[in-house]
Amino acid sequence: MLNEPSNYARFYKCDLHMHTPFDLSHWQEETTRSSHENSEQNIREIACSYLRACHAAGLEVIAITDHNFAYMLNRATNFPER
């Protein structure tokens, strides 16, 4: 984990170019594409689901690169560690 002290170098599993379901121009899967017109509760659920999928894939570091907005950012930064 990121908080473990170490005396050696290590690699982190990262994806530094990720789009979220809210990036309508670049999100590939139409069935999971979302929009800012969803309810606040639904947006939070989508953000949590997205981050759970990243965690399930073993990602330790991600960079959200949605174009022209940062709509999911404030929902994702308050995601509790699980």
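What follows is calculated from the coordinates using simple rules that are stated; it is not laboratory data. A quick note: this is a predicted structure, and the numbers were derived from the prediction, not measured. Using ideal geometry, Cβ is built from the backbone for each residue, glycine included, and neighbour counts are taken over all protein chains shown.
With a sphere of radius 13 Å drawn around the Cβ of THR65, what net charge do the other residues whose Cβ falls strictly inside it have (Lys, Arg +1; Asp, Glu -1)? Residues near THR65 contribute -3 overall. Rounded to the nearest whole Hz, the Karplus-based 3J(HN,Hα) values (6.51 cos²θ - 1.76 cosθ + 1.60, θ = phi - 60°) of region 42-48 follow the sequence 5, 5, 5, 5, 5, 4, 5, with x at glycine and proline. Counting other Cβ atoms within 10 Å as a rough exposure proxy, the listed residues ASP15, ASP23 run ASP15, ASP23 from fewest neighbours to most. With the highest mean first, a sort of the peptides 41-47, 26-32 on other beta-carbon atoms found within 10 angstrom per residue produces 41-47, 26-32.
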